[in-house]
1. Could you tell me which of the residues 397, 375, 346 is touching a strand residue (DSSP E or B) at 6+ places or on another chain (Cβ under 9 Å), at pLDDT 95 or above, farther than 20 Å from residue 285 by Cβ and assigned by TED's automatic domain parsing to the domain that holds residue 299?
2. Tell me the residue from 66, 88 that is exposed (fewer than 15 other Cβ atoms within 10 Å of the Cβ), under 30 Å from residue 192 (Cβ atoms) and assigned by TED's automatic domain parsing to the domain that holds residue 178, please.
3. Could you tell me whether region 140-149 includes any residue that is within 30 Å of residue 246 (Cα to Cα), surrounded by 22 or more Cβ atoms within 10 Å (Cβ to Cβ) and touching a helix residue (DSSP H, G or I) at 6+ places or on another chain (Cβ under 7 Å)?
4. Cβ-Cβ distance below 6 Å, separation of 6 or more or different chains: which pairs start in region 365-381 with a residue that is surrounded by fewer than 18 Cβ atoms within 10 Å (Cβ to Cβ) and end on one that is in a loop (DSSP other than H, G, I, E, B)?
5. For region 257-304, enumerate the residues that are touching a strand residue (DSSP E or B) at 6+ places or on another chain (Cβ under 6 Å) and farther than 30 Å from residue 88 by Cβ.
6. Looking only at region 100-113, count every residue that is crowded, with 20+ Cβ neighbours inside 10 Å and touching a residue at least 24 places away in the same chain (Cβ under 8 Å) and tell me the total.
7. Quick check: anything in region 96-113 within 27 Å of residue 307 (Cβ to Cβ), part of a strand (DSSP E or B), modelled with pLDDT under 95 and in the same structural domain as residue 244 (by TED's automatic domain parsing)?
8. Residue check: is residue 60 more than 22 Å from the chain's Cα centre (by Cα) and either touching a residue at least 24 places away in the same chain (Cβ under 8 Å) or crowded, with 20+ Cβ neighbours inside 10 Å (or both)?
């Protein structure tokens, strides 16, 4: 990707050595340094350090908010984005769902955290559009691979730390260490006080919590007909209401409310007035159909599954799920055990098998389930969804987990159109 920059000695910059030429400077990052010689052979105009061009992209002219955690990054980022827009601030957001500016979609879905130069490009676009804030999801991969190099964060937020990505990080200890490394500097931080695995530099740290004392403490809450709560911030006690469902979303809302309070000069009473305007994120606890009741969620980790299923524990649940191929194998039996412990019936199927044998992935899941009598195995995800819909009765809820608002299924290295929500609508003849 070449990016044109005005008023520079070079016309373009690129982090791809094969795109370099006499008008294009090569931007050296932790990810591409092995291609430095190739850039020189392609007669790159010059070699630039990524940090040296940060301010050319306006990185110093916008407030950057970085959110990391195993679960909740997307919902928390989207809530902050929604609150700031409703309060009258021009704002941009980058993450799993894509790149958004001032309530418009600029780019579709991509990596949770793109390459560092791509992030700089988005920041440049946000600054040009007059945005005051740039909200971004920060993945554990991007921390290790230095894809956040050169960024000075106005605020860093931790949602939680549970098991994920052990295919990349190898051990849970390494994964926890990577997440915590994001919070060791003296920048402003907003930390989930109820997360026992977190370690951080206490300077400039704010906290939020439900179980433990915190800067932003949820004193009381209700989960009847969505959710509501009462926040205590020092001597200030303020109620809020939200259309979001699930105990876990109370944490996401607390993080978002606390973040906005730290970032802007509004009273907390004014901030909570816009909370109920946020309708949530597509593919996160999304009700596709009311009768029969069908819910689709992105949950693809043991903790994520437990949070979603616990939010629906008053109902009898028919749960359809699988696990991604070429990813953390250790979480598969844990996911199986959680599904079997909270569901009346479980339908184990394919997720994105990638280069793995789907049956082997399912076998890993089944290893965590003692009572196989409640389990149906169907490799074909559409058929598995159909089986659950056929079995659904009365007030039972069909819960389809793992892919959320994804619109494809990855088999080997090919993407095939597949949207859990559209499959449900097709099977139920919903227009």
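1. 375 is the lone residue from the list that is touching a strand residue (DSSP E or B) at 6+ places or on another chain (Cβ under 9 Å), at pLDDT 95 or above, farther than 20 Å from residue 285 by Cβ and assigned by TED's automatic domain parsing to the domain that holds residue 299.
2. Checking each option against the conditions leaves just 88.
3. So far as region 140-149 goes, yes, one or more of its residues are within 30 Å of residue 246 (Cα to Cα), surrounded by 22 or more Cβ atoms within 10 Å (Cβ to Cβ) and touching a helix residue (DSSP H, G or I) at 6+ places or on another chain (Cβ under 7 Å).
4. Pairs that qualify, where the first residue is surrounded by fewer than 18 Cβ atoms within 10 Å (Cβ to Cβ) and the partner is in a loop (DSSP other than H, G, I, E, B), are 379/350.
5. 287, 288, 293, 294, 295, 296, 297, 299
6. Total satisfying the criteria: 3.
7. yes
8. For residue 60, the condition - more than 22 Å from the chain's Cα centre (by Cα) and either touching a residue at least 24 places away in the same chain (Cβ under 8 Å) or crowded, with 20+ Cβ neighbours inside 10 Å (or both) - is met.
The values are calculated or read from the model by the stated rules, or taken from the named source; none is laboratory data. If you're wondering where the values come from, they're calculated on a predicted model, not measured in any experiment. Neighbour counts are summed over all protein chains in view; Cβ atoms, including those assigned to glycine, are modelled from backbone coordinates with ideal geometry.
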